[in-house]
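S.K.: Take this structure, written in structure tokens, and hold onto it; I'll ask about it next.
The values are calculated or read from the model by the stated rules, or taken from the named source; none is laboratory data. Remember, predicted model here, so these are calculated numbers, not experimental data. All Cβ positions, even for glycine, are placed from backbone atoms using ideal geometry, and neighbour counts span all protein chains on display. Please note that ligands, DNA and RNA were not included when accessible areas were found on the heavy atoms of the full protein model with its side chains. Shrake-Rupley method; radii C 1.70, N 1.55, O 1.52, S 1.80 Å.
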Amino acid sequence: MKNILVQKNFYPSASRLRSEFEQNFADSKSTHQKRFVWDFWYDEDQYHLIRTPAYHYFTPTEYQNFHSYLVQWGREYLGCHDISPPWLSYYVDGCYQKLHSDVPHGPWAFVYSLTPNKKEFKGGETLILKNSTLDFWSHYGRERDHEQNSFVDIIPSLMNQLVVFDPRFPHGVTEVKGTRDPLKSRLVMHGWFVNPRPYVVGGLSTAAVQKALNTVFEGLNPVLSNIGLLDGALSVRLHVGADGLVKQYQVLTDTLVSLQHQEADIRYLKKELKSLFSHVRFVKTKKASKITMPLIFK
């Protein structure tokens, strides 16, 4: 299971978003309307940060370009067709998020950073508990000490970096210390990937794909009856030739967990899924197709 994806140098026009933010804060005495849209989210002992809806903050063209780019990435790699309306948040001295989880929102969360790489503060990292921490006693060993890096993944905010992670994992943001200047703060957009469903590129239509995949789901019922409860997301990619045959089966993301601690159940399911998907017969078309298929287990 891989619960964290990191994409550096993600968006080609990141500097345009950053420049717009800087222009709005360039004159500290300005009464420009964009200086008055921020909410200080104060939830004692849990959330301290300054936020605003990103889709209202940036100019429509700049925001829509970024939104479309991120959504397209989510469709191709996660099989999620949209994102939730994202927040734009900045963190100055004393801001943080304590550990929490976001189970109801979507199968993947994202944090996109517009933070300058040359930092004038400490902290501000995304903090995510490791799977070995959540299942601590299965990995416990008396032979060595365990310190913070053994228990959590710590991901610094870098300019134009996208971090995508499983929101079921407890996560937060370490406290920022050192600057009260928004221009020198931790600046991020964050939200969730939503609406998982097949994403098809090429000769096949979505309707033809869904019809052909009915055989997979029919074959999946006896598989699921042989295993315990699973939870998580599995995104797979099928490369389908013009002849309708599956040429390649690829697992893109996998956050499956066995709620009964039966890892063999996950291995068995993945083996059967590969067999079922690899033997699907699609209709013939004039050109090859690529299908991203998200499977959500609850």
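S.K.: Tally time: how many residues in the range 42-60 are open to solvent by less than 90 Å² (accessible area, probe 1.4 Å) and either of a type in the set (Gly, Ala, Ser) or without any contact (Cβ under 8 Å) to a residue 40 or more places away in the chain (or both)? Full working, then the answer.
M.R.: Going residue by residue through the range 42-60, those that are open to solvent by less than 90 Å² (accessible area, probe 1.4 Å) are 43, 46-54, 57-59.
Narrowing further to those that are either of a type in the set (Gly, Ala, Ser) or without any contact (Cβ under 8 Å) to a residue 40 or more places away in the chain (or both): 43, 51-54, 57, 59.
The total comes to 7.
S.K.: Where the second residue is among the hydrophobic types (A, V, I, L, M, F, W, C) and surrounded by 10 or more Cβ atoms within 10 Å (Cβ to Cβ) and the first is assigned to a helix (DSSP H, G or I) and lies in the range 128-152, which pairs have Cβ atoms under 6 Å and are six or more apart or on separate chains?
M.R.: THR133/PHE151
Conditions (1) outside the structural domain of LEU114 (by the TED database); (2) among the polar types (S, T, N, Q), marked per residue:
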residue: LEU187; (1), (2): no, no
residue: LYS211; (1), (2): yes, no
residue: THR215; (1), (2): yes, yes
residue: GLN262; (1), (2): yes, yes
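S.K.: Could you figure out which of (1) assigned to a strand (DSSP E or B); (2) over 27 Å from the mean Cα position of the chain (by Cα); (3) modelled with pLDDT under 95 isn't true of LYS247?
M.R.: Just one mismatch for LYS247, condition (3).
S.K.: Can you tell me which residue among ASP135, ASP93 is at pLDDT below 90 and either open to solvent by less than 40 Å² (accessible area, probe 1.4 Å) or out of contact with any Asp or Glu (no Cβ under 8 Å at 6 or more places or on another chain) (or both)?
M.R.: ASP135
S.K.: OK, next. If you scan the range 184-204, which residues turn out to be open to solvent by 30 Å² or more (accessible area, probe 1.4 Å), modelled with pLDDT of 95 or more and not in a strand (DSSP E or B)?
M.R.: Answer for the range 184-204, where residues must be open to solvent by 30 Å² or more (accessible area, probe 1.4 Å), modelled with pLDDT of 95 or more and not in a strand (DSSP E or B): LYS184, GLY203.
S.K.: Out of GLU175, GLU218, which single residue is open to solvent by 70 Å² or more (accessible area, probe 1.4 Å) and under 30 Å from GLN46 (Cβ atoms)?
M.R.: Exactly one of GLU175, GLU218 is open to solvent by 70 Å² or more (accessible area, probe 1.4 Å) and under 30 Å from GLN46 (Cβ atoms), namely GLU175.
S.K.: Among the listed residues ASP231, ASP243, which satisfies the condition of being open to solvent by 60 Å² or more (accessible area, probe 1.4 Å), more than 30 Å from ALA26 (Cβ to Cβ), touching a Lys or Arg at 6+ places or on another chain (Cβ under 7 Å) and assigned by the TED database to the domain that holds VAL280?
M.R.: On the way: ASP231 fails: open to solvent by 60 Å² or more (accessible area, probe 1.4 Å).
Selected residue: ASP243, the only one of ASP231, ASP243 that is open to solvent by 60 Å² or more (accessible area, probe 1.4 Å), more than 30 Å from ALA26 (Cβ to Cβ), touching a Lys or Arg at 6+ places or on another chain (Cβ under 7 Å) and assigned by the TED database to the domain that holds VAL280.
S.K.: A further question on this structure: In the range 205-232, which residue that is of a type in the set (Ser, Thr, Tyr) and at pLDDT 90 or above is nearest to GLU263 (Cα to Cα)?
M.R.: SER225
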